[in-house]
1. Find the Cα radius of gyration of the protein assembly as shown, compare it with 2.2 N^0.38 Å by division, and give the number to two decimals.
2. Can you give the convex hull volume per residue for the Cα atoms of chain A, as a whole number of Å³?
3. Under a Cβ-Cβ cut-off of 14 Å, what is the net charge of the residues other than residue B:362 that fall near it, where Lys and Arg count +1 and Asp and Glu count -1?
4. For residue B:252, place a label point 7 Å out from Cα along the Cα→Cβ vector, do the same in each other copy, and report the separations in nm, one decimal, smallest first.
5. Suppose each label sits 7 Å from its Cα in the direction of the beta carbon; what would the residue B:77-residue A:18 distance come out to in nanometres?
6. So which aspartates and glutamates can residue A:79 reach, going by Cα to Cα under 12 Å and dropping same-chain residues fewer than 8 places off?
7. Per residue, how much space in cubic angstrom lies within the convex hull of the C-alpha atoms of region A:136-202?
8. Between residue A:383 and residue A:61, what FRET efficiency follows from the Cβ-Cβ distance if R0 is 56 Å, with the result rounded to 0.05?
There are 2 protein chains.
Amino acid sequence: VEQRKQGDTTDPYSNDPKRHPALIPSSVKPFNAEPPVSLLMQDYLTPNNLFFVRNHLPVPDVNLEKFRLDIEGIGASGKKVLTLPALKTVFKKKTVTTSLQCAGNRRSDMVKIKPVKGLNWGTAAISTAEWSGASLDDVLKYCGIDLDKVDCDHVQFEGMDRGPDGTTYGASIPIEMARMLKNDIVVAYQMNGVDIPRDHGFPLRIIIPGVVGARQVKWLNKIVLSKDESSSHWQQRDYKGFNSSVDWHNVDFSKSEAIQFLPVQSAICEPVDGQALDDNEEVTVRGYAWSGGGRGIFRVDVSADGGKTWITADIQPSNQSQYKAWAWVFWEATVPLPQGSSGKVELVCKACDSQYNVQPESVEGIWNLRGCLSNAWHRISVSIPTE
Amino acid sequence: VEQRKQGDTTDPYSNDPKRHPALIPSSVKPFNAEPPVSLLMQDYLTPNNLFFVRNHLPVPDVNLEKFRLDIEGIGASGKKVLTLPALKTVFKKKTVTTSLQCAGNRRSDMVKIKPVKGLNWGTAAISTAEWSGASLDDVLKYCGIDLDKVDCDHVQFEGMDRGPDGTTYGASIPIEMARMLKNDIVVAYQMNGVDIPRDHGFPLRIIIPGVVGARQVKWLNKIVLSKDESSSHWQQRDYKGFNSSVDWHNVDFSKSEAIQFLPVQSAICEPVDGQALDDNEEVTVRGYAWSGGGRGIFRVDVSADGGKTWITADIQPSNQSQYKAWAWVFWEATVPLPQGSSGKVELVCKACDSQYNVQPESVEGIWNLRGCLSNAWHRISVSIPTE
Ligand SMILES: [Mo]
Ligand SMILES: [Mo]
């Protein structure tokens, strides 16, 4: 049972849940935090209390007696309403293992080039869990809606988290994306086998594998089939990509497409940046790799000389198809250290996904004003003993 | 009607078809050629006689009276046989507009860094056509095979083109890829509304949108449902990716995955490399962009200062979904020329696909021994008038 602090009624965040002390906050109100990189790979499925937290607003305190999921819009012929017990009993339980990544993961690497607006995430704004619930396809069918035939263009999701002006968090995905993924989109009520914790969407979160975390709406209480994208701030004026010559004086958010599937990503978790190694012959490097849209990871390369020579890492089997890979892979490589180096070594990793898309070499080429999509080759610096 | 040269029986290539004189060969026997980059964008659908040609072996001269398509392997309960007239009459005609790209397109950019083994393609080993035929799904259903349920791992395709030792060209795709694409994989007998020309697979070519040209087998006469990948040279020991530290002395083809979906790509077609511009204020740059696996193009950026500043190009509407985009897009940007430059200007383009995957900045980071997957930022040099 999660403890709840008794609320200061003037502070909308006073009723937020208690968090694991190991989480490293990038902001407190709203609460945003990532696990220490040294703990990220302890388990393939991230423990719920170490799963990165990305909240845009205060955490709702949901009254289960009153809780309803509304399904409305095109094809729904009036509003349909489902209770949580109905979701748990009427539908077959569907489980997907998927990684969620914040659009801003690794933003701290982008900030080094030029300031951006956004939380200063390290490399651990990504985590993996087993999510269970009713499949979106089943829920819509129950409401008389056939995903393959319904004449709409977007599926909108609305959360119960509200800003000071009363507007709720919201997002949407294109209908064709819902069709592509339909067997794997889950109206989830469990995370790693237990009720979803409050910070992660209790009682319901929409899980859309391969898609940016921001569209996987927490505290879900409404699904709308629509001709339009979500009109929310986060869909329209945030979480979009731009080239590096666009800055706040000349940005036009209406000219860019909402981030949905995320690009190929990888990062070194061990050793950690700045670590002093006790060997000067070789180093064992470990990390994660992931790509959005179901693309698996074909290869991870590791370098101990800044990218001049590369070793292909061993990828831990994860029993996923290469074209429907929703979860990360862990990899490891033992790399000889350059001899005669002055005590500092740069370790680099880069992944190649199952579409043979690769991570870009440098941050400069992908810098953007919001610091999203930071997936350049990951570089860390370690020191090695000198005689 | 295509003219056929009367054969010198000692030369297996003597019966190859006549080609358009504008095609630029990268090899003659087998014949491989691309159109001049100045003609590539004259039409959105590449005229058949200017479509790039990638032959691995002599062009078969098919006797239509004897021609049969065999379907065999798991689920086929014995060999099924279809004639060309049956393919044209039994099944509903299905048309897809898709770009085909050679795995080696833009290899000439990779060769500049370090030699590779492969044809020296420029930027035009990519073309687009409207292909019509029977859908693979319909053909298999007719043979009693349900793609979604058949217990096999790969779909193999075999061509009628044979090497000196009698082995035929062959390739395969994973069954799950066949399932993802099934409505759009076509056993094609027409290219841009006419019989497929001999150089492009007469009478049948398998069209698998979003996948490398090498798997879209020409002169198709056999489809095999199997537990195994194609055992062909081209599937097993060619058309695979490696990091830049792998060369012929240490390569192990069994350790890499066959190229299937191609990564995001773009190139400048106008002006052409080396062109002398007659304006020194601004330049209008035009090109193509494409990504494999159905990913559309979200953005193309163009720079006239080697990548320091970028203009977002206008993309010509192509009426494709952003997640099922099989064909290229054409784009255009008018870019101010840097003032005070000494007469030489570097123009650069880069594309971002609908997964927000980007082209890598430099060729060095993606160099590989076969020179495949050459999709770094495209750079050309032009000269501008000095006073
Ligand atoms: Mo995010
Ligand atoms: Mo190719």
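1. On the way: Rg = 27.1 Å, N = 774, 2.2 N^0.38 = 27.6 Å.
Normalised Rg, Cα atoms only: 0.98.
2. Details: hull volume 57.5 nm³, N = 387.
Cα-based convex hull of chain A, divided per residue, equals 149 Å³.
3. Working: positive: A:308, A:350, B:106, B:112, B:114, B:350, B:379; negative: A:361, A:364, B:109, B:346, B:361, B:364.
Charge balance in the 14 Å sphere: +1.
4. For residue B:252, the other copies' label points sit at 5.4 nm, shortest first.
5. According to this spin-label approximation, the distance is 6.5 nm.
6. A:70
7. Numbers: hull volume 7.6 nm³, N = 67.
Once divided by residue count, the hull of region A:136-202 is 113 Å³.
8. Numbers: r = 48 Å, r/R0 = 0.85.
Between residue A:383 and residue A:61 the formula returns 0.70.
Values in this text are rule-based calculations from the coordinates and carry no lab data. The structure presented is a predicted model; accordingly, all values stated were derived computationally and were not measured. Neighbour counts are summed over all protein chains in view; Cβ atoms, including those assigned to glycine, are modelled from backbone coordinates with ideal geometry.
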